[in-house]
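Written below as structure tokens is the structure these notes are about.
No lab work stands behind these numbers, since they all come straight from the coordinates. Only a predicted model underlies this, so the values are computations on that prediction, with no experimental measurement involved. As a convention, Cβ positions derive from the backbone with ideal geometry for all residues, glycine included, and neighbour counts pool all protein chains shown.
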Amino acid sequence: MSSEQDIEDIVQEVYIKAHHAEQEKEIIEQPKAFLFKIAKNLALDELNKKSRLVTSYIEDCIAAIPVEKTASMESEVEANESLTLYCEAIELLPEKCKQIYLMRKVYGLKHKEIAAELDISLSSVEKHLKLGGAFCQQYMSNKKSPVSAVADNVSELRKRNF
């Protein structure tokens, strides 16, 4: 959670959900575990919502980037295409993998922090990050547009002094 207000909101939601469970006469054998489960689920929901907002924000920013005419126009087009493809690839990841990938790449959390936050093993975090990274890389290389291919060919010709 990024702010004290977020934490307070989740605590209040936990209280409300626990109160509703009590009103419906649910039998809760382990109240402490029940409260922690509610808090964890609410925190994960909030994190998912924020990750979707970040992805949407990135997509909106891409559309708003002014295109300047420079000598390296093809490299700017290629950079915009790459960023768009990267966002598309992230959106296609399985939910758990996407969540872990965004926690690392967007929020900058360390592997141990992610494992603790999601209550999973460190090896699971590393596995999801590896799979997410490999998928994004593969997706981007498979979806490379003709403009990018032309830019690659131009760059290769320049390297060979043609």
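Note on Lys110 and Ser56: the model spin-label points, each 7 Å out from Cα along the C-beta direction, lie 3.3 nm apart. Neighbours of Gly133 by Cβ distance under 13 Å: Lys/Arg scored +1, Asp/Glu scored -1, total +4. Pairs with C-alpha atoms separated by more than 25 Å, drawn from the list Lys49/Lys143; Lys32/Lys110; Lys32/Lys105; Lys17/Lys49; Lys50/Lys112; Lys37/Lys130, are Lys49/Lys143; Lys32/Lys110; Lys32/Lys105; Lys37/Lys130. Remark: segment 1-57 is approximated by an ellipsoid whose semi-axes, taken from the C-alpha gyration tensor as √(5λ), come to 26, 11, 10 Å, largest first. For the pair Glu76 and Glu24, a Förster radius of 35 Å applied to the C-beta separation gives a FRET efficiency near 0.05, rounded to the nearest 0.05. Sparsely packed loop sites in segment 1-48 (the GluC sites (Glu not before Pro) outside DSSP H, G, I, E and B with at most 14 other Cβ atoms within 10 Å) comprise Glu24, Glu26, Glu29.
Simple spin-label estimate for Val11 and Lys127 gives 3.6 nm between the two label positions (7 Å along the Cα-to-Cβ direction from each Cα).
Remark: segment 1-64 carries a charge dipole of roughly 220 debye about the Cα centre, counting +1 on each Lys and Arg Cβ and -1 on each Asp and Glu Cβ.
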